[in-house]
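Enquirer: There's a structure below that I have some questions on.
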Amino acid sequence: MRLGETILAGSAVAIALVVLVIQLAPLVIICAVSLSGASTFDLPTGSASLRWYRVLLGTEGLWIAFRTSLGIAAIATMSSLVLGTLCGVALFGARFRGRELLLSVLLSPLMLPGIVLGIAMLRGFNLYGIALTYIELVLAHIVLTLPYIVRIVMTALDQFDFTLIDAARTLGLSYASAVRKVLVPNIMPAMITASLFAFLASFDNYAVSMFLVDARTTTLPIKMLEFIEESVDPRLAALSTILIAMSLTVVVFAGRLVGLRRTSELK
Amino acid sequence: MNLAAAAPAVATFVAILGVPLVVLLASGFVDGGAPTLRHYSRLLGDAHYLGVILTTLKYGIIVTGAALLVGFPYAYVMARAPLALSLVLMLGIFVPMTTGVIVKAFGWSILMKANGILNTSLIALGIVDRPVRMIFTPAALYVGSISLFLPFMVLPIYSVLKAIPESILEASSTLGASRLFTWTHVVLPLSLHGIMSGIAFVFSMTVAAYAIPSLLAGAQFQVLSKVVANAFLVTDETHFGAAASTVLLLIAMGTAMLLNRLAQHVRPEL
């Protein structure tokens, strides 16, 4: 290899490594600070301490918000999974005018400004007379998570070899059991991955939920922001560490399931 | 499969988002029951709001440009490096991407505090002699935003780079092309499609960002999304807010759609 190329390749690797450090720095620092025994955001000096995890356990408000977010993300993801799979399968085989348009409309919440989505949905709920915050959040999060499922179901079907169904039928299976025994296991890893990403998108949502929450029903990201603005102590670092661990688990699990290479195409 | 199976999802989508969004955007053209363009002339005819729109565009362009500049090498190394390095680089994309914006902004603010770790290290290394103001500066916002949106630049570029078969590159060099020629005539055209979707993603997300400018740049940095939020949450000028929403939507979606349309044209046949 010539010198110029070596320098170029070397600088690409250097850029990648510097960027990697910058990407992980805020997350690593949070984990480090959460283990500090002091009340400031310092790196733990001497021995690590679980003090802030204990304080966190005693912080009622954050746990209530945590449970709310967990419930909303679970209900929204499961609903989206049913609605989105039906929709993705139906649209996959269909050929009609406006199919592409319908698809891009259904996927649009991934690209639309969250704050405009939030305001529109809030005013919609007022219009319809829906006044239960929890229900509003669930419905809004279904719309937000639906694109993840639709998109991934369609990608998975795209990569599925439909002659396998014919093969299964030739071997004596009914159409229904061929779908159940051949198609479903094939697209299952992608669907689980889709659900996990959809779940995290709902769980972490800030811009849309911001308009829908009230004093009694608040999601975790909103509650965390309140804490950041009021009392600044490392208990939030402890909570954030738990959330980072959740993401890491999901990513590793998804990587195991479908391979990160394919995950990057699903997203 | 019957097309009717798509109905529940479409109906939910239309009822919860479609209709309310149309009603919202339409209200930007109404004032006191009569149709008007007053809200638009207020938004586009006022030096302050024009400045905000320009700031928003500048913010979007700088973040997108920087994300492309560092995102391409990152994606390239990720696609071509040995498995172990490639996996580590992927973790550097996926873990931040699936962590909430509040958590990341919180991490950045701990790093950038006056007596925070970055400043203490800089002083210890003798690079500066007193703490540098970092948080609530444009620099903090730009670093935080580039980092936040980078995954959406890296992933589409990574997937097109990964799809380029080694055999094509070998063929190019066997036929006598220099590395540089292979780059400019093979690799770049084949990855253009991914680059354009990356640009579309990052630009539309950056101009619409709300949380990160508030958390890292503070109140003096005004972007269009803050004008929208302010109109609905503070001053209760909903019609004006609707007009601002429409402009924000046009900037974000318009650019994305234009680039995606262009990307369709440059999609290579392999």
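The values are calculated or read from the model by the stated rules, or taken from the named source; none is laboratory data. Fair warning: this is a prediction, and the values are worked out from it, not measured in the lab. For neighbour counting, all protein chains shown are included, and Cβ atoms are generated from backbone atoms with ideal geometry for every residue, glycine included. Surface areas here come from the heavy atoms of the whole protein model, side chains and all, with no ligands, DNA or RNA. Shrake-Rupley method; radii C 1.70, N 1.55, O 1.52, S 1.80 Å.
Enquirer: Plugging the Kirkwood radius over Cα pairs into Stokes-Einstein for the range A:172-242, at a temperature of 10 °C and a viscosity of 1.306 mPa s, what D comes out in µm²/s? Write out the running numbers ahead of the final one.
Expert: Values: Rh = 15.6 Å.
Result for D is 102 µm²/s.
Enquirer: Excluding residues on the same chain fewer than 8 positions from B:LYS58, give the lysines whose Cα lies under 20 Å from its Cα.
Expert: Here the lysines satisfying the reach criterion relative to B:LYS58 are B:LYS226.
Enquirer: Shape verdict for the range B:61-138, please, from the Cα gyration tensor: rounded (a/c under 1.5), prolate (a/b greater than b/c) or oblate. Mind showing how you got there, number by number?
Expert: Details: a/c = 1.98, a/b = 1.82, b/c = 1.09.
Prolate, because a/c is 1.5 or more and a/b exceeds b/c.
Enquirer: Right, next: Take the alpha carbon gyration tensor of chain A, find the square roots of its eigenvalues, order them as a ≥ b ≥ c, and report rounded if a/c is under 1.5; if not, report prolate when a/b exceeds b/c, else oblate.
Expert: Details: a/c = 1.99, a/b = 1.30, b/c = 1.53.
In terms of gyration-tensor shape, oblate.
Enquirer: Just counting partner chain Cβ atoms within 10 Å, what average do the residues of peptide A:55-66 show around their Cβ? Write down the numbers at each step before the final one.
Expert: Working: counts 0, 0, 0, 0, 0, 0, 0, 0, 0, 0, 0, 0.
Other-chain Cβ atoms within 10 Å of each residue's Cβ, averaged: 0.
Enquirer: Using a 1.4 Å probe on protein heavy atoms only, how many Å² of accessible area do A and B hide from each other, summed over both chains and rounded to 100? It would help to have the intermediate numbers written out before the result.
Expert: Details: alone 15560 and 15280 Å², together 24050 Å².
The buried area between A and B, both sides summed, comes to about 6800 Å².
Enquirer: In whole Å, how far is the Cα centre of the range B:1-67 from that of the range A:196-212?
Expert: About 20 Å separates the Cα centre of the range B:1-67 from the one of the range A:196-212.
Enquirer: Considering only protein heavy atoms, with the full assembly of protein chains and a 1.4 angstrom probe, order B:VAL207, B:VAL143, B:VAL10 by accessible area, largest first.
Expert: Values: B:VAL207 0, B:VAL143 60, B:VAL10 35 Å².
The ranking, largest first, comes out as B:VAL143, B:VAL10, B:VAL207.
Enquirer: I would also like to ask the following. How long is the gain from A:THR6 to A:LEU70 if the chain were fully straight, where each residue apart is worth 0.36 nm and the alpha carbon distance is subtracted? Don't skip to the end; give the middle numbers.
Expert: Working: separation 64, 0.36 × 64 = 23.04 nm, distance 4.93 nm.
Using 0.36 nm per residue and subtracting the Cα-Cα distance, I get 18.1 nm.
Enquirer: Assign one of three labels to the protein assembly as shown, namely rounded, prolate or oblate, based on the Cα gyration tensor with a ≥ b ≥ c the square roots of its eigenvalues; rounded applies when a/c is under 1.5, prolate when it is not and a/b is larger than b/c, and oblate otherwise. Don't jump to the answer; show the numbers that get you there.
Expert: Numbers: a/c = 1.30, a/b = 1.05, b/c = 1.24.
Taking the square roots of the gyration eigenvalues as a ≥ b ≥ c, the protein assembly as shown is rounded.
Enquirer: Considering amide H positions built from the backbone, and no H for Pro or chain starts, which residues 5 or more places from B:VAL30, or on another chain, come under 5 Å of its amide H?
Expert: B:THR36
Enquirer: Give the carbon-plus-sulfur fraction of the accessible surface of chain A in %, rounded to a whole number; probe 1.4 Å, heavy atoms of protein chains only. Don't jump to the answer; show the numbers that get you there.
Expert: On the way: 8080 of 12150 Å².
Taking all protein chains in place, chain A shows 67 percent carbon and sulfur surface.
Enquirer: How much length, in nm to one decimal, is gained on full extension between A:LEU127 and A:VAL184, taken as 0.36 nm per residue of separation minus their Cα-Cα distance?
Expert: Numbers: separation 57, 0.36 × 57 = 20.52 nm, distance 3.98 nm.
Stretched out fully, the A:LEU127 to A:VAL184 stretch lengthens by 16.5 nm.
Enquirer: With the full set of protein chains in place, find how many percent of the accessible area of chain B is carbon and sulfur; take the probe as 1.4 Å.
Expert: Working: 8340 of 11900 Å².
The value for chain B is 70 percent carbon and sulfur by accessible area.
Enquirer: Given R₀ = 25 Å, FRET efficiency for B:LEU83-B:LEU188 by Cβ-Cβ distance, to 0.05? Walk me through the numbers on the way to the answer.
Expert: Values: r = 25 Å, r/R0 = 1.01.
Efficiency, from the Cβ-Cβ distance: 0.50.
Enquirer: Multiplying the sequence separation of A:TYR175 and A:ASP233 by 0.36 nm and subtracting their Cα-Cα distance, what value in nm do you get? Before the final figure, lay out the partial values.
Expert: Details: separation 58, 0.36 × 58 = 20.88 nm, distance 5.94 nm.
Difference between extended and current length: 14.9 nm.
Enquirer: May I pose another question? Need one number: nm distance between label points at A:ALA38 and B:VAL19, each 7 Å from Cα along Cα→Cβ, rounded to one decimal.
Expert: Placing both labels 7 Å along Cα→Cβ, they lie 5.8 nm apart.
Enquirer: Averaged per residue, what accessible area in Å² does the protein assembly as shown show with a 1.4 Å probe, protein chains only? Walk me through the numbers on the way to the answer.
Expert: Numbers: 24050 Å² over 537 residues.
Per residue, the protein assembly as shown has an accessible area of 45 Å².
Enquirer: What list of ³J(HN,Hα) couplings, whole Hz, do you get for the range A:197-207 from phi and the Karplus terms 6.51, -1.76, 1.60, once you set θ to phi - 60° and write x for glycine and proline?
Expert: Computed from phi, the couplings for the range A:197-207 are 5, 4, 4, 5, 4, 5, 4, 9, 4, 10, 4 Hz.
Enquirer: Students often check this: by mean Cβ neighbours within 10 Å, which of A:67-77, A:235-245, B:167-177 ranks highest, and how do the rest follow?
Expert: Top to bottom by mean Cβ count within 10 Å: A:235-245, A:67-77, B:167-177.
Enquirer: Can you pull the semi-axes for the range A:56-206, root of five times each eigenvalue of the Cα gyration tensor, sorted largest first, whole Å?
Expert: On the way: eigenvalues 234, 80, 30 Å².
In descending order the semi-axes read 34, 20, 12 Å.
Enquirer: Could you give the nm distance between label points at B:LEU44 and A:ALA14, where each point is 7 Å from its Cα heading toward the beta carbon?
Expert: It works out to 4.7 nm between the two label points.
Enquirer: Another question, if that's okay. With a 1.4 Å probe on protein heavy atoms only, tell me which residues of the range A:111-149 lose at least 50 Å² of accessible surface in the complex relative to the chain by itself.
Expert: A:MET111, A:LEU112, A:PRO113, A:ILE115, A:VAL116, A:ILE119, A:ALA120, A:ARG123, A:TYR128, A:VAL143
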